[in-house]
Amino acid sequence: MSGWLLVPALIVGVYLIGVVEEWSATGRLAPGAPLLRGLAQLGRESLVPRQPDRLLFETAPVLLLLAALLAASVLPLAPGLIAVDLATGALFVNAALAYVMVALVMAGWAPDAAYALVGGWRFLGQLVAYSMLIVMPITAVAMRAQSLATTQIVSSQESLWNAATQPLGFLLFWLAAMALAFIPPFDLPNAPGDLAGGVFAEYTGVRLAILRLGRSVLVLTLACSVVVFFLGGWLGPVLPAWSWTALKTLGVASVMLCIGRFVPRVSPDALLAWAWKLGIPLALVNILWVGVILLMVQR
């Protein structure tokens, strides 16, 4: 039953993400904009390029949406309010998010178009670099909780959130999450300025609507991941547990969508250099830090 309760929560969350993204991009608060834009997109003709890889072209939008939904399925809103409570839920999140890269590479390759192909391969290069910045902070979080279950990770933060005990891991995970959701300034796969839409350029109509829906669900999932792993999940006073997760997730997503608009877009080379030369060594330092703290506490 709890799994079905998550469906309306997901729908409302995606709608609010659309409202916040519209506000961050235009400066106008238009509550009806996501619905109107979605209906308009569904009413447009779905064009197909001349020589596409038809199987990959049709599969990519659906795969992006499914990857985001699978990752969300193991993230709890409250005690007992989780679709699938896996003992290895933290690793499952990372495994599911790996298919985001597969979906975008497929979307870039399938249309047989230059801009889309460049966007897809850009994202592949990014993910190889910063996927470690997703899994390594999760490893440190699981070390403190002594469990890979997402519910146990939330419970382990009852005394102090992981964002306070692991600020370095929190920062790295946050930036990697923004890059995985290709939120500005990390929007290299669909950079409007130089790729004219990139991996989204050749999609129209229903297919483009599914791609945009998948990306919105991905932003929501990654914001919820930040909350579950570092911001105490459902923990909080007075309000119901699920409302704390919802408020924190909406807050994280809003900050993600807004702050990038004021920062110049990062070039592909700079992003790769940051991830390999700085990000990964700092993630290793974070794991070492957590290990030392755990040894001191056990003694």
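The values are calculated or read from the model by the stated rules, or taken from the named source; none is laboratory data. As the structure is a computational prediction, the values presented were derived from the model and not from experiment. Glycine also receives a Cβ, built like all others from the backbone with ideal geometry; neighbour counts cover every protein chain displayed. In case anyone asks, the SASA skips ligands and DNA or RNA and just uses the protein heavy atoms, side chains included. Shrake-Rupley method; radii C 1.70, N 1.55, O 1.52, S 1.80 Å.
Express the relative contact order of segment 75-186 as a whole percentage, based on alpha carbon pairs under 8 Å and six or more residues apart in sequence.
Values: 89 pairs, mean separation 33.1, N = 112.
Over segment 75-186, the number comes to 30 percent.
Could you tell me what percent of the accessible area of the chain is made up of carbon and sulfur, with a 1.4 Å probe and every protein chain present? Don't jump to the answer; show the numbers that get you there.
Working: 9880 of 13780 Å².
Carbon plus sulfur share of accessible area: 72 percent.
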> Helix 114-130 sits at what angle to the longest principal axis of the chain, using alpha carbons and giving 0 to 90 degrees rounded to 10?
Replying inline: 10 degrees
> Quick one: helix 241-259 against the long Cα principal axis of the chain, what's the angle to the nearest 10°, folded into 0 to 90?
Replying inline: 50 degrees
>> Suppose a student asked you for the relative contact order of segment 153-213, using Cα pairs under 8 Å spaced at least 6 residues apart; what percent would you report?
In response: 13 percent
>> So for each of 162-170, 226-234, 131-139, 78-86 I average, over its residues, the number of other beta carbons within 10 Å; can you give me the resulting order with the highest mean first?
In response: 226-234, 131-139, 162-170, 78-86
>> Between segment 178-219 and segment 113-137, what is the separation of their alpha carbon centroids in Å?
In response: 13 Å
>> If I take every Cα pair under 8 Å that is 6 or more residues apart in the chain, average their sequence separation and divide by the length, what percent do I get for the relative contact order?
In response: 27 percent
> Candidates (1) 18.4, 56; (2) 18.4, 59; (3) 19.0, 67; which is the computed Rg and Dmax of the Cα atoms in Å?
Replying inline: (3)
> Against the longest alpha carbon principal axis of the chain, how many degrees, from 0 to 90 and to the nearest 10, is the axis of helix 132-145 turned?
Replying inline: 30 degrees
> Counting only residues 5 or more places away or on other chains, whose amide H sits under 5 Å from the amide H of S46 once H atoms are built in the peptide plane?
Replying inline: V206
>> Among T151, T204, T26, which one shows the highest mean-square fluctuation when the chain is modelled as a Gaussian network with alpha-carbon springs under 10 Å?
In response: T26
> Okay, helix-only estimate at 222 nm for the chain: each DSSP H run of n ≥ 4 adds -39500 (n - 2.57), divide by all residues, round to 500 deg cm²/dmol; what do you get?
Replying inline: -22500 deg cm²/dmol
> Roughly speaking, what is the centre-to-centre gap between segment 225-290 and segment 1-79 when only Cα atoms are used, to the nearest Å?
Replying inline: 21 Å
>> Heavy atoms of the protein only, probe of 1.4 Å, neighbouring chains included. What is the accessible area of E22 in Å², nearest 10?
In response: 20 Å²
>> Using Cα springs under 10 Å in a Gaussian network model of the chain, which residue among L77, L250, L284 shows the largest mean-square fluctuation?
In response: L284
